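Encoded as structure tokens, the structure appears first; notes follow it.
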Amino acid sequence: DPVLAIDIGGTKMAAAVVDPDGRVAAYDRIPTPNRPGTDAGGLWAALDALLDKLLADAGAPRLAGVGAGCGGPMTWPAAEVSPINMPAWRGFPLRDHLRARHPGLPVRVHNDAVCVAVGEHWRGAGRGHGNVLGMVVSTGVGGGLVLGGRLIDGGTGNAGHIGHVVVDPGGPPCGCGGRGCLEAVARGPGLAAWARGQGWRREQDGDPTGADLAEDARRGHPVAAAAMRRAGHALGVAIASATHLCDLDVVAVGGGVSQAGPLLFDPLMDAFRLHARMEFARRLRIVPAALGQTSGLIGAAALVHAGERYWSAD
Ligand code: ADP
Ligand code: ZN
């Protein structure tokens, strides 16, 4: 039977019905109602409606379980999530809510970026490799680690938070309370904010996004291009540090900002080559997530479909 897979971020909520072989049989997404003033109930109602519609469209399949990835940090495995980028869900009991929705089914929740790592290891760029870092560069920056073929949870289920590795001690303030974290520099909204501070403007309604910025960079706007280089550089620095620490085989980079392609990956590779000097570090393969924007959903499904490798709690 398929798994109902869920991916919750600060910008979008996506859901899919995922077969045991990792194929996405049905998919839908909505913007996260993440405006100031949205309460936890409003967020839950939006997710609930997304899931109802997806399951109805898929013909109400019998499910093997529910797997979800959500922005962190969280208490794990209870999954009371406190996403830095979703103020309405501080301490929200996501796993309990999903269990009440789907009584009797296994319900497993992990960090959204951990799910990307799992998805890429199970069916994507990390397949067949023992040591994989999966990353999301989106509203936030996150990561998950598979080492020796097994998912690394860490002491509290929060291992892999590469977004809060410091790349610039004097850098911008971060949502975690720190300064100069990778996330503060490379997250989509941070890129756009930096570019605005340097005089980048666009004629449109609403705040321009990372996607707008990437479009302008592609057209040769110097500030937009500099913003993408700055993010790519920070990512390359952090990845060099990560592989010195973990001796990785593959890094798979997903998330909305990764869709900028070479604009992001070229400066990333330059910075990586500059800082990864040891032979064992230089062998690392850094690639865009092979499953694209569905890595997190496929990984969430794998928490159930391949639980023996990726789920060590209960
Ligand atoms: P979430 O954070 O909810 O998981 P996404 O992974 O879609 O959502 O990431 C959203 C972020 O990605 C936003 O900051 C958005 O501006 C940025 N983004 C989306 N598409 C692109 C693109 N083509 N190039 C650069 N940034 C992008
Ligand atoms: Zn931080």
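The values are calculated or read from the model by the stated rules, or taken from the named source; none is laboratory data. A quick note: this is a predicted structure, and the numbers were derived from the prediction, not measured. Methodologically, a virtual Cβ is constructed for each residue, glycine included, from the backbone with ideal geometry; neighbour enumeration extends over all protein chains shown.
No other residue among Ala214, Ala313 is small (Gly, Ala, Ser), over 21 Å from His164 (Cβ atoms) and more than 20 Å from the chain's Cα centre (by Cα) apart from Ala313. Restricting the search to helices (runs of 4 or more DSSP H) fully inside region 207-314 and requiring at least 3 residues that are touching a helix residue (DSSP H, G or I) at 6+ places or on another chain (Cβ under 9 Å) gives 210-218, 222-246, 262-275, 279-282, 295-305.
Considering only residues in region 165-180 that are within 16 Å of ligand 1 (Cβ to nearest atom) and either among the hydroxyl-bearing types (Ser, Thr, Tyr) or without any contact (Cβ under 8 Å) to a residue 40 or more places away in the chain (or both), the one that is surrounded by the fewest Cβ atoms within 10 Å (Cβ to Cβ) turns out to be Pro172. Summed over region 228-257, residues that are more than 18 Å from Leu145 (Cβ to Cβ), crowded, with 21+ Cβ neighbours inside 10 Å and near ligand 1 (Cβ under 10 Å from one of its atoms) total 3. Taking first residues from region 255-278 that are under 21 Å from Ala113 (Cα atoms) and of a type in the set (Asp, Glu) and partners that are at pLDDT 95 or above and near ligand 1 (Cβ under 8 Å from one of its atoms), no Cβ contact under 9 Å between residues at least 6 apart in sequence or on separate chains turns up. On inspection, Gly188 does not qualify as within 16 Å of ligand 1 (Cβ to nearest atom) and either under 14 Å from Ser295 (Cα atoms) or touching a Leu at 6+ places or on another chain (Cβ under 6 Å) (or both). The residues of region 66-106 that are surrounded by fewer than 24 Cβ atoms within 10 Å (Cβ to Cβ), of a type outside the set (S, T, N, Q) and part of a strand (DSSP E or B), listed by number, are Glu80, Phe92, Pro93. For region 24-42, which residues satisfy the criterion of being in contact with a strand residue (DSSP E or B) (Cβ under 7 Å, 6 or more places away or on another chain) and polar (S, T, N, Q)? Listed by number, the list holds a single entry, Thr32. Of all the listed residues (Gly175, Gly134, Gly144, Gly154), the sole one being at pLDDT below 95 and outside any helix (DSSP H, G or I) is Gly175. Put simply, of Asp28, Asp52 the only residue that is touching a Leu at 6+ places or on another chain (Cβ under 9 Å), surrounded by fewer than 18 Cβ atoms within 10 Å (Cβ to Cβ), within 20 Å of His97 (Cβ to Cβ) and acidic (Asp, Glu) is Asp28.
You will find that of Thr38, Thr32, the residue that is in contact with a helix residue (DSSP H, G or I) (Cβ under 7 Å, 6 or more places away or on another chain) and among the hydroxyl-bearing types (Ser, Thr, Tyr) is Thr38 and no other. Residues in region 178-206 that are within 16 Å of ligand 2 (Cβ to nearest atom), within 22 Å of Arg35 (Cα to Cα) and either among the basic types (Lys, Arg) or in a loop (DSSP other than H, G, I, E, B) (or both): Arg187 alone. Which of the residues spanning region 127-142 are closer than 21 Å to Ala211 by Cα and either more than 16 Å from ligand 2 (Cβ to nearest atom) or within 8 Å of the chain's Cα centre (by Cα) (or both)? Passing the criteria: Met135, Val136, Val137, Ser138, Gly140, Val141, Gly142.
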